[in-house]
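Here's the structure, in structure tokens; my notes come after.
The values are calculated or read from the model by the stated rules, or taken from the named source; none is laboratory data. Fair warning: this is a prediction, and the values are worked out from it, not measured in the lab. Backbone-built Cβ (ideal geometry, glycine too); neighbour counts: all protein chains shown. Just so you know, the surface numbers come from the protein's heavy atoms only, side chains and all, with ligands and any DNA or RNA stripped out. Shrake-Rupley method; radii C 1.70, N 1.55, O 1.52, S 1.80 Å.
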Amino acid sequence: MKTESVYSNERIKDLIGQMTLDEKIGQMFQAHDAFFSSDEELKKAIKEGKVGSFLNIQGSERVAELQQIALAESRLGIPLLFGRDVIHGYRTIFPIPLGMASSWDTVMVKKAMRISAVEAASMGINWTFAPMIDITWDPRWGRIAESCGEDPFLTSQFAKAMVEGIQGDLKGPAALAACAKHFVGYGMSEAGRDYNTTYIPEPLLRNVHLKPFKAAMDAGALTFMSAFNDLNGVPTSGNEFTLKTILRDEWNYRGMVVSDWASIEEMIAHGFATDRKHAAEIAVKAGVDMEMATTSYVEYLKQLIEEKKISEDLINQRVENILRVKFELGLFEKGTENKALNTDTILVKSHLEHAREMARNSMVLLKNESRTLPLSKDIRSLAIVGPLADAPHDQLGTWVFDGNSDDSVTPKYAFQDMLGGRMNFASGLEYSRDKSTSGFNNAINAARNSDVILFFAGEESILSGEANSRGIIDLPGMQTELLQELKKTGKPVVLIVMAG
């Protein structure tokens, strides 16, 4: 974090001095509405200071209602953080981060993330879990789609741009706290298998994997997220070397560290913690300030203090980091002024125009040996073929929580609008993994009646992203076989790959 005011620090110390231990532990808990049996129970927890953040609660009226309870009806009036994964757009969807990084244009990407933040903020969100700046050298790893690729210098440049775009003017109404994730080494999962172990010698760790996170911190990232993986035998959510020695002691990071979803309790599965209580002890000592989606802190921190395994001073340090983020975002002062649904930021023309330009700049031309491209606008006929030619949801990409496939214009409809009767469409395959050849004839006929074939190949969005790694990087299903049949027509084929 770049700056912090003496005024805020004094208020933080004063608040902590007034808080009960239960209220402090409450700040360290990120809940979602499934934790509560009723809305009344949820609101009661807010009034009693038992929750510091909510995950996936959105809608400006709903957020304003809950924020008002926190500010006006809880004992100390501490505001809530409302987190949501806004990875490459809220409703206006931009290319996946790997695609945006392919533009090499940090200015455009910064603007894309600012647009994403503006739209998300209008729905009450004030914290997002982006940017994902893990370095990976294995394309089989599904989350490569969410990364900026293999190079630490390029990723560092985009880390800075994305943080600045997301956070904007921190005191402004459309500010979101950014979250640099996943700290650290997650992208080196063995064999490209998500959640797998990682082994990274310290020189490689410092010269490659830590560099983007340092850039994110220097850009003012208010929060960091610990990862799922173990690093050299120690799970990152309990890794004192990375969370304490490097992040806090060497870098003097003053922001907040949140666990990844249930990553504290997953230290049991790693064989590093004996039970949930032990996991809570390890994580809080290592430096995780807030627990996402599980309750080991809520259930065991007080008991650990009573047993003198940890001190209340340690809890105070963790809560101080959380409150500092809330002050930096201006949440104590902002109140609930944006109570009415504010949809005039959603899918506005300027946002859509930037998404279109961002998509153009993200495309990579691999080769054009026959000089088939560019196509003439006066072309007599064009065949639009392939399983991704009319897949509105899948072309949005992975990690799209709030994108709507109804907003997605597919190649089929775009070319239909452009060419009218000069376009011949046949998908050939219903979806990327389709093993049936029943659609081949229609595709071949469309190709024979056209001057050029555009084949939209690749994979559905579900085939990349978290927990969706692929052992073999190829065109799934019968796509290659269909391409071979289309090639036999003698017509030029332009292959457009849409994948993670």
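I need the full set of residues from the range 139-157 which are open to solvent by less than 10 Å² (accessible area, probe 1.4 Å) and farther than 17 Å from G185 by Cβ, in order please.
Once the filter is applied, which keeps residues that are open to solvent by less than 10 Å² (accessible area, probe 1.4 Å) and farther than 17 Å from G185 by Cβ, the range 139-157 yields only A145.
If I filter the range 25-33 for residues that are at pLDDT below 95 and either within 20 Å of M256 (Cβ to Cβ) or open to solvent by 70 Å² or more (accessible area, probe 1.4 Å) (or both), do I get at least one hit?
Yes, some residue in the range 25-33 is at pLDDT below 95 and either within 20 Å of M256 (Cβ to Cβ) or open to solvent by 70 Å² or more (accessible area, probe 1.4 Å) (or both).
Restricted to the range 278-302, and to residues that are under 16 Å from K50 (Cβ atoms), surrounded by fewer than 22 Cβ atoms within 10 Å (Cβ to Cβ) and not hydroxyl-bearing (S, T, Y), which residue is modelled with the lowest pLDDT?
Of everything passing the filter in the range 278-302, A293 is modelled with the lowest pLDDT.
Considering only residues of the range 332-374 that are open to solvent by 80 Å² or more (accessible area, probe 1.4 Å) and part of a helix (DSSP H, G or I), which is modelled with the lowest pLDDT?
Residue satisfying both the conditions and the ranking: E333.
Yes or no: the range 461-481 includes at least one residue that is touching a strand residue (DSSP E or B) at 6+ places or on another chain (Cβ under 6 Å), in a helix (DSSP H, G or I), among the hydrophobic types (A, V, I, L, M, F, W, C) and on the phi < 0 side of the Ramachandran plot.
No: the range 461-481 contains no residue that is touching a strand residue (DSSP E or B) at 6+ places or on another chain (Cβ under 6 Å), in a helix (DSSP H, G or I), among the hydrophobic types (A, V, I, L, M, F, W, C) and on the phi < 0 side of the Ramachandran plot.
Quick one: what pairs do we get from the range 50-72, first residue over 14 Å from S122 (Cα atoms) and assigned to a helix (DSSP H, G or I), second open to solvent by 10 Å² or more (accessible area, probe 1.4 Å) and modelled with pLDDT under 95, C-beta under 6 Å, 6+ apart or different chains?
Qualifying pairs under 6 Å: Q67/T336; Q68/T336.
Only one of K377, K412 is modelled with pLDDT under 95 and either within 30 Å of E485 (Cα to Cα) or among the β-branched types (V, I, T) (or both); which?
K377
Out of N207, N196, which single residue is modelled with pLDDT of 95 or more and open to solvent by 10 Å² or more (accessible area, probe 1.4 Å)? I'd like the intermediate steps shown before the answer.
Working: N196 fails: modelled with pLDDT of 95 or more.
The conditions single out N207.
Considering the range 303-319 alone, what residues qualify as being out of contact with any Asp or Glu (no Cβ under 9 Å at 6 or more places or on another chain) and either within 22 Å of D14 (Cβ to Cβ) or surrounded by 22 or more Cβ atoms within 10 Å (Cβ to Cβ) (or both)?
Answer for the range 303-319, where residues must be out of contact with any Asp or Glu (no Cβ under 9 Å at 6 or more places or on another chain) and either within 22 Å of D14 (Cβ to Cβ) or surrounded by 22 or more Cβ atoms within 10 Å (Cβ to Cβ) (or both): S311, E312, D313, L314, I315, N316.
Can you report the number of residues in the range 108-132 which are in contact with a strand residue (DSSP E or B) (Cβ under 6 Å, 6 or more places away or on another chain), among the β-branched types (V, I, T) and either under 21 Å from A499 (Cβ atoms) or free of Cβ contacts under 8 Å to residues at least 24 places away in the same chain (or both)?
The qualifying residues number 0.
Give me the residue from the range 411-436 that is within 31 Å of the chain's Cα centre (by Cα) and within 18 Å of L352 (Cβ to Cβ) and, out of that set, most open to solvent (accessible area, probe 1.4 Å).
Step by step, filter the range 411-436, then rank; the result is Y413.
What about K160, is it open to solvent by 50 Å² or more (accessible area, probe 1.4 Å) and in contact (Cβ under 8 Å) with a residue 60 or more places away in the chain?
Taking the combined requirement at face value, the residue does not satisfy it.
Which pairs do you get when a residue that is free of Cβ contacts under 8 Å to residues at least 12 places away in the same chain, found in the range 250-277, comes within reach of a residue that is surrounded by fewer than 16 Cβ atoms within 10 Å (Cβ to Cβ), reach meaning Cβ atoms under 7 angstrom, with the pair 6+ apart or on two chains?
So the pair list comes out as I268/D275.
Within the range 392-410, how many residues turn out to be closer than 16 Å to G99 by Cβ and either open to solvent by less than 40 Å² (accessible area, probe 1.4 Å) or touching a strand residue (DSSP E or B) at 6+ places or on another chain (Cβ under 8 Å) (or both)?
Of all residues in the range 392-410, those closer than 16 Å to G99 by Cβ come to 394-400, 403, 408.
Still in the running and either open to solvent by less than 40 Å² (accessible area, probe 1.4 Å) or touching a strand residue (DSSP E or B) at 6+ places or on another chain (Cβ under 8 Å) (or both): 394-398, 400, 403, 408.
Number of matching residues: 8.
Need pairs with beta-carbon distance below 7 Å; first residue free of Cβ contacts under 8 Å to residues at least 12 places away in the same chain and within the range 350-376, second exposed (fewer than 11 other Cβ atoms within 10 Å of the Cβ) and assigned to a loop (DSSP other than H, G, I, E, B); sequence gap 6+ or separate chains.
Close Cβ pairs (under 7 Å, with a partner that is exposed (fewer than 11 other Cβ atoms within 10 Å of the Cβ) and assigned to a loop (DSSP other than H, G, I, E, B)) do not exist here.
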